[in-house]
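Reading through the structure tokens given below for one structure.
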Amino acid sequence: MAQMNNTENKDSLSSNNQLTGVQLFSMTTSMVMTVYGFAAFAKQGPTALFFLFLAGILWFIPVTRSAGEMASVDGWSKGGIFTWGRHMLGERLGWSALFYQWIHITVGMCTMMYFIIGCLSITFNVPIINTNPLFKFIIMMIILWGLIFAQQRGTKVTGKIAQWSFTIGVIIPVFLLLFLTITYLVKGNPMLIKINLHTILPSSWSGNVLVGFVPFILAFAGAEGSATHVKDLKKPSIYPKVMMALAICAIVSDIIGTISIAATIPNAKIQLSTGIVYAYGALVQQFPWLNVTFVECFIGLLLAIGIIGEISSWVVGPNAGMYEAAKEGYLPDSFAKTNSYGVETNVMILQGVIVSIMAAVLTFGAGGDKSNLSFQTAMSLTVALYTLMYMLMFVSYIVLVLKHDDLHRTFKAAKSKVMRVIMGILGLVLSAFGFVVTFFPPAAYTAQQKHTYLTLLLTAFIIVFFIPVIMYQFHGNWTLHRHDKSEDDLHHPIH
């Protein structure tokens, strides 16, 4: 009877964890699709379409398929890149990959908060919060620590808020932007850009021009996070179709945002943190009965709500992986604890401290009111760290395919082994390409701006690069110390 009950419980648990393709699509969409990169895309003009093809097809598909295959290997469903990396490349590189994945979002949060502040500066007509470094930093801290504090009683309610925020702040604005852009073009209004083969291809293949590829990598990053749910799908074979649908939706959404901004706002006047809001203002001018200022204020508020919801999701998500690593001795004992609600409070606080330091460096280091410079630097640092993780992920995948084809898995990226290797190499090459061009200052920058950009970016990157290497030296001591305590002493969540 007991055995029968256990079987029934397992069956019930399995059915509760099963996902449909639509559910997986929705989960991944909330991680990948966003609007704060639209202005950065528009800065590239028609060349954005070329970069979207590189990132959305040639890079995104290898990312999702290789991650899906690794997640489907028996015993690899938990831990993500931490598990994949340490099995294929060793403990040190597996830990480093996890750390870079975790810390990239600590920089990415700065980019998101810059966007929120830009939107709020328009909504409440207080431009000083977007131009004065001190005011900007104070508001960033209120947003960050307010969200961390809100997570401390569990994430169930916060998850619902994040879902609503995504609908209010991403879905509605994107569809409204599509409607306004189509109406604008149908009425015969002129476009400020010309789209043809000559303008779509980069004007030159120098690093200063190709650095424009950076925000496009960021736009499609994060999808590997849902790969661990491949085994939860009722039909694992539909995984590539779900990811292809996501790639198409993300590309279409990005094209809408890019063209709507580039076609209505002169390139020199596009602000990275506020460009999309002013695009709405320019587009609604075709409707005399609509108040442009009101629309800009309203859209700014919607977009701010959407990104606040996205940050709240990122505050919770990556910390789960670090908590698991802490339990295995990759962090000191205190980080292997949760509060009475099962929340990884200490890991969140660590994340918050790092975000605060990064925010201070990027906000005050850029100097004056150079909001574009701090935004671009934050975005580039995010991509540099994330592509570093992706390079380790693709190397892990290539090793898996070439040396461990005997490991059982429920999903394969392609039927042909040669095709799978090509897919891994393509992903590795484009990740390396994205990493390298990150360190080239944009061509439009002055000599002083280029110097500031490189100084900030290189300093922050070098510091972050060596952190997991240094921390790994203490792994043995932390592990031994961990064995001296019972597991109950380390974490005691109450659900």
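Structure notes:
- Search result, residues across region 391-430 that are hydroxyl-bearing (S, T, Y) and at pLDDT below 95: T410, S416
- Pairs with Cβ under 6 Å, 6+ apart, first in region 399-416 and under 20 Å from V63 (Cβ atoms), second among the hydrophobic types (A, V, I, L, M, F, W, C) and at pLDDT 90 or above: V399/M88; L400/M88; V401/V421; A413/M423
- From the list V418, V401, the one residue that fits, being open to solvent by 40 Å² or more (accessible area, probe 1.4 Å) and either over 19 Å from I463 (Cα atoms) or in contact with a His (Cβ under 9 Å, 6 or more places away or on another chain) (or both), is V418.
- Enumeration of residues in region 78-128 that are of a type in the set (G, A, S) and modelled with pLDDT of 90 or more: G85, G90, G94, S96, A97, S121
- Residue selected from region 436-460 under the condition open to solvent by 70 Å² or more (accessible area, probe 1.4 Å) and assigned to a loop (DSSP other than H, G, I, E, B), by the criterion farthest from N208 (Cα to Cα): T446
- Residue identified as part of a helix (DSSP H, G or I), more than 30 Å from Y445 (Cα to Cα), modelled with pLDDT of 85 or more and of a type outside the set (A, V, I, L, M, F, W, C) among T199, T183: T183
- Here F433 clears all of (1) part of a helix (DSSP H, G or I); (2) without any contact (Cβ under 8 Å) to a residue 60 or more places away in the chain except the condition numbered (2).
- Count - residues of region 238-263 that are buried (at least 24 other Cβ atoms within 10 Å of the Cβ) and over 30 Å from L24 (Cβ atoms): 2
- Helices (runs of 4 or more DSSP H) wholly inside region 32-81 that include at least 1 residues being under 23 Å from I261 (Cβ atoms), open to solvent by 10 Å² or more (accessible area, probe 1.4 Å) and not hydroxyl-bearing (S, T, Y): 47-53
- Failed item, numbered, when I142 is tested on (1) over 29 Å from E224 (Cβ atoms); (2) in contact with a helix residue (DSSP H, G or I) (Cβ under 8 Å, 6 or more places away or on another chain); (3) open to solvent by 30 Å² or more (accessible area, probe 1.4 Å); (4) of a type in the set (A, V, I, L, M): (2)
- Verdict on Y341 being in contact (Cβ under 8 Å) with a residue 60 or more places away in the chain and farther than 26 Å from L120 by Cβ: yes
The values are calculated or read from the model by the stated rules, or taken from the named source; none is laboratory data. As the structure is a prediction and not an experimental result, all values here were calculated from the model. Every residue, glycine among them, receives a Cβ derived from its backbone with ideal geometry; neighbour counts consider all protein chains shown. Surface accessibility is based on the protein's heavy atoms, side chains included, excluding ligands, DNA and RNA. Shrake-Rupley method; radii C 1.70, N 1.55, O 1.52, S 1.80 Å.
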